[in-house]
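J.: Pasting a structure below so you can have a look.
The values are calculated or read from the model by the stated rules, or taken from the named source; none is laboratory data. Since this is a predicted model, take the numbers as computed values, not measurements. We place every Cβ from the backbone using ideal geometry, glycine too, and count neighbours over all the protein chains shown.
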Amino acid sequence: MSNSPLPTSTPDTVLQVSTLLPALEGTLAEHFHTVRLPELPDPAAYLRDHGKDVVAAVTSARVGVSDALMDALPRLGAIVHFGVGYETTDVVRARARGVDVSNTPDVLTDCVADLAVGSLIDVMRRLSAADRYVRAGSWGTAPFPLASRMSGKRVGILGLGRIGRAVAQRLDGFGVQVAYCTRTPVPGVGYRYLPTAEALAEACDALVVTVAGGRGTEGLVSAAVLDALGPRGYLVNVARGSVVDEPALVTAVEEERIAGAALDVFADEPNVPRALLESDRVVLLPHIASATHETRAAMGDLALRNLRQFMAEGVLLTPVPEASPSTH
């Protein structure tokens, strides 16, 4: 519940824009005058009457802060994201208004990279499909189909930011040949660089997507990229659903133009195309790459430290980069 049924006009209000980790919500309510926007009976009326009191907004990576909400908060000085992504907030617009923006980088890198590698093993070795096979009582009726090994394969990483590099480091232990694609080569990286997503897909047995979401990468994994990956190639997406042309992916799966896919994110979550639900060659996860007790607690702690520093000193601890979107 919010701090009061009908919040009063009070200076230095923190606006909670979306549902957050319960522990984080509790700390916000305990230490700051916090108003939970989704719980207000009339959010528009509150913003009209009390928007001038809000100095900081705390939101999730999935929800962000819309342009309209930003405009309703004339004293807003900081937008604190719970999550590494921030493409749901127009950072350039915010900073033009003097509003700084933070996210929670680094603390979720390991868990997302772990899940990416686990998903790649799953889809190539067909672990989830084998689990369903045993549960259905099929083991005694016919041999389970052969799968593809991951060790020694060629794996392309689309986006070699923090998470992409962590994925590559894990794959090194499997004797995998790693290549990557970014806008420009990453200094000091020994992996093979390819300048386009299509060239990367063509050179690899599997493509792992860790590139940023947002307008700049929308549909980057196109029909042409999927065709380049080919009927023996696998796709893993732990980035954003918007990065993959989902209708093209559905067609590629239905027509067996790729070998399989492991997906933690989708274009219209939580809605998943029926063709993907029905395919035994697709591993489907409910956007859980960072969903561990340890990582979510660390994300909440970093978001809180950002807010505390802003409220005390007017600056953020982990402001997002000036010119580039998030890496996950």
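J.: Just checking, does the stretch 156-166 include any residue being out of contact with any His (no Cβ under 7 Å at 6 or more places or on another chain), over 27 Å from P321 (Cβ atoms), outside any helix (DSSP H, G or I) and in contact (Cβ under 8 Å) with a residue 40 or more places away in the chain? Give the steps one after another, and end with the answer.
T.: Kept after step one, since they are out of contact with any His (no Cβ under 7 Å at 6 or more places or on another chain), are these residues of the stretch 156-166: 156-162, 164-166.
Then drop every residue that is not over 27 Å from P321 (Cβ atoms), which leaves none.
No - not one qualifying residue is present in the stretch 156-166.
J.: From the list R240, R215, which residue is within 22 Å of R162 (Cα to Cα) and buried (at least 18 other Cβ atoms within 10 Å of the Cβ)?
T.: Details: R215 fails: buried (at least 18 other Cβ atoms within 10 Å of the Cβ).
The conditions single out R240.
J.: Within the group D268, D245, D264, which residue is touching a residue at least 40 places away in the same chain (Cβ under 8 Å), of a type outside the set (A, V, I, L, M) and closer than 24 Å to V112 by Cβ?
T.: Details: D268 fails: touching a residue at least 40 places away in the same chain (Cβ under 8 Å); D245 fails: touching a residue at least 40 places away in the same chain (Cβ under 8 Å).
Going through D268, D245, D264 in turn, the sole match is D264.
J.: Scan the stretch 64-84 and tell me whether some residue there is modelled with pLDDT of 95 or more, out of contact with any Leu (no Cβ under 6 Å at 6 or more places or on another chain), of a type in the set (S, T, N, Q) and buried (at least 19 other Cβ atoms within 10 Å of the Cβ).
T.: For the stretch 64-84, residues modelled with pLDDT of 95 or more, out of contact with any Leu (no Cβ under 6 Å at 6 or more places or on another chain), of a type in the set (S, T, N, Q) and buried (at least 19 other Cβ atoms within 10 Å of the Cβ): absent.
Conditions (1) assigned to a helix (DSSP H, G or I); (2) touching a helix residue (DSSP H, G or I) at 6+ places or on another chain (Cβ under 8 Å); (3) under 23 Å from D122 (Cα atoms), marked per residue:
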| position | (1), (2), (3) |
| --- | --- |
| G219 | no, yes, no |
| L249 | yes, yes, yes |
| R257 | no, yes, yes |
| A261 | no, yes, yes |
| V265 | no, yes, yes |
| D280 | no, yes, yes |
| A289 | no, yes, yes |
| L304 | yes, yes, no |
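J.: Can you give me the number of residues within the stretch 199-212 that are surrounded by fewer than 20 Cβ atoms within 10 Å (Cβ to Cβ) and either outside any loop (DSSP other than H, G, I, E, B) or of a type in the set (D, E, K, R) (or both)?
T.: First, pick out the residues of the stretch 199-212 that are surrounded by fewer than 20 Cβ atoms within 10 Å (Cβ to Cβ): 199, 202-203.
Next, only the ones that are either outside any loop (DSSP other than H, G, I, E, B) or of a type in the set (D, E, K, R) (or both) stay: 199, 202.
Looking only at that region, the number is 2.
J.: Same structure again: If you go through the stretch 70-86 one residue at a time, do you hit one that is in a helix (DSSP H, G or I) and β-branched (V, I, T)? So that I can check it myself, show each step before the final result.
T.: Our first condition is that a residue be in a helix (DSSP H, G or I); within the stretch 70-86, this holds for 70-71.
Subset that is β-branched (V, I, T): none.
For the stretch 70-86, residues in a helix (DSSP H, G or I) and β-branched (V, I, T): absent.
J.: Continuing with the same structure: I'm checking my understanding of the structure. Among residues of the stretch 277-322 that are closer than 25 Å to R75 by Cα and of a type in the set (G, A, S), which one is surrounded by the fewest Cβ atoms within 10 Å (Cβ to Cβ)?
T.: Among those that are closer than 25 Å to R75 by Cα and of a type in the set (G, A, S), it is A312.
J.: While we're on this one: Would you point out which residue out of P145, P195 is closer than 28 Å to V92 by Cβ, in a loop (DSSP other than H, G, I, E, B) and more than 22 Å from the chain's Cα centre (by Cα)?
T.: On the way: P145 fails: closer than 28 Å to V92 by Cβ.
Result of the check over P145, P195: P195.
Rundown of residues vs (1) outside the structural domain of R232 (by TED's automatic domain parsing); (2) of a type in the set (G, A, S); (3) within 19 Å of D264 (Cβ to Cβ), yes/no style:
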site: L47; (1), (2), (3): yes, no, no
site: A56; (1), (2), (3): yes, yes, no
site: R62; (1), (2), (3): yes, no, yes
site: V92; (1), (2), (3): yes, no, no
site: S119; (1), (2), (3): no, yes, yes
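J.: Conditions first: (1) crowded, with 22+ Cβ neighbours inside 10 Å; (2) in a loop (DSSP other than H, G, I, E, B). T59 passes all but one, so which condition is the exception?
T.: Every condition holds for T59 apart from (2).
J.: Now for a different question. When G152 is evaluated against the numbered criteria (1) modelled with pLDDT under 95; (2) closer than 22 Å to T210 by Cα; (3) surrounded by fewer than 16 Cβ atoms within 10 Å (Cβ to Cβ), which criterion, by number, is the only one it fails?
T.: (1)
J.: If you scan the stretch 286-303, which residues turn out to be of a type in the set (A, V, I, L, M) and touching a strand residue (DSSP E or B) at 6+ places or on another chain (Cβ under 7 Å)? Outline the logic, then answer.
T.: Our first condition is that a residue be of a type in the set (A, V, I, L, M); within the stretch 286-303, this holds for 288-289, 291, 297-299, 302-303.
Listed by number, the residues that qualify are M299, A303.
J.: Do we have D245 as more than 23 Å from the chain's Cα centre (by Cα) and either of a type outside the set (A, V, I, L, M, F, W, C) or farther than 20 Å from P286 by Cα (or both) here? Break it down stepwise before answering.
T.: On the way: more than 23 Å from the chain's Cα centre (by Cα): no; either of a type outside the set (A, V, I, L, M, F, W, C) or farther than 20 Å from P286 by Cα (or both): yes.
For D245, the condition - more than 23 Å from the chain's Cα centre (by Cα) and either of a type outside the set (A, V, I, L, M, F, W, C) or farther than 20 Å from P286 by Cα (or both) - is not met.
J.: Can you list residue pairs whose Cβ atoms sit under 6 Å apart, with the first residue in the stretch 105-131 being in a helix (DSSP H, G or I) and the second being aromatic (F, W, Y) and buried (at least 19 other Cβ atoms within 10 Å of the Cβ)? Count only pairs 6 or more apart in sequence or on different chains.
T.: Qualifying pairs under 6 Å: V123/Y234; M124/Y234.
J.: Also: Is there a residue in the stretch 250-260 that is in contact (Cβ under 8 Å) with a residue 40 or more places away in the chain, closer than 24 Å to A147 by Cα and either assigned by TED's automatic domain parsing to the domain that holds P231 or aromatic (F, W, Y) (or both)?
T.: Just the residues of the stretch 250-260 that are in contact (Cβ under 8 Å) with a residue 40 or more places away in the chain, to begin with: 259-260.
Filter once more, keeping what is closer than 24 Å to A147 by Cα: 259-260.
From the residues that got through so far, the ones that are either assigned by TED's automatic domain parsing to the domain that holds P231 or aromatic (F, W, Y) (or both) too are 259-260.
Checking the stretch 250-260: at least one residue is in contact (Cβ under 8 Å) with a residue 40 or more places away in the chain, closer than 24 Å to A147 by Cα and either assigned by TED's automatic domain parsing to the domain that holds P231 or aromatic (F, W, Y) (or both).
J.: Is it the case that some residue within the stretch 172-195 is touching a residue at least 60 places away in the same chain (Cβ under 8 Å), buried (at least 17 other Cβ atoms within 10 Å of the Cβ) and in contact with a Leu (Cβ under 7 Å, 6 or more places away or on another chain)? Write out each step before concluding.
T.: Within the stretch 172-195, the first condition is being touching a residue at least 60 places away in the same chain (Cβ under 8 Å), and the residues that meet it are none.
The answer is no, given that none of the residues of the stretch 172-195 is touching a residue at least 60 places away in the same chain (Cβ under 8 Å), buried (at least 17 other Cβ atoms within 10 Å of the Cβ) and in contact with a Leu (Cβ under 7 Å, 6 or more places away or on another chain).
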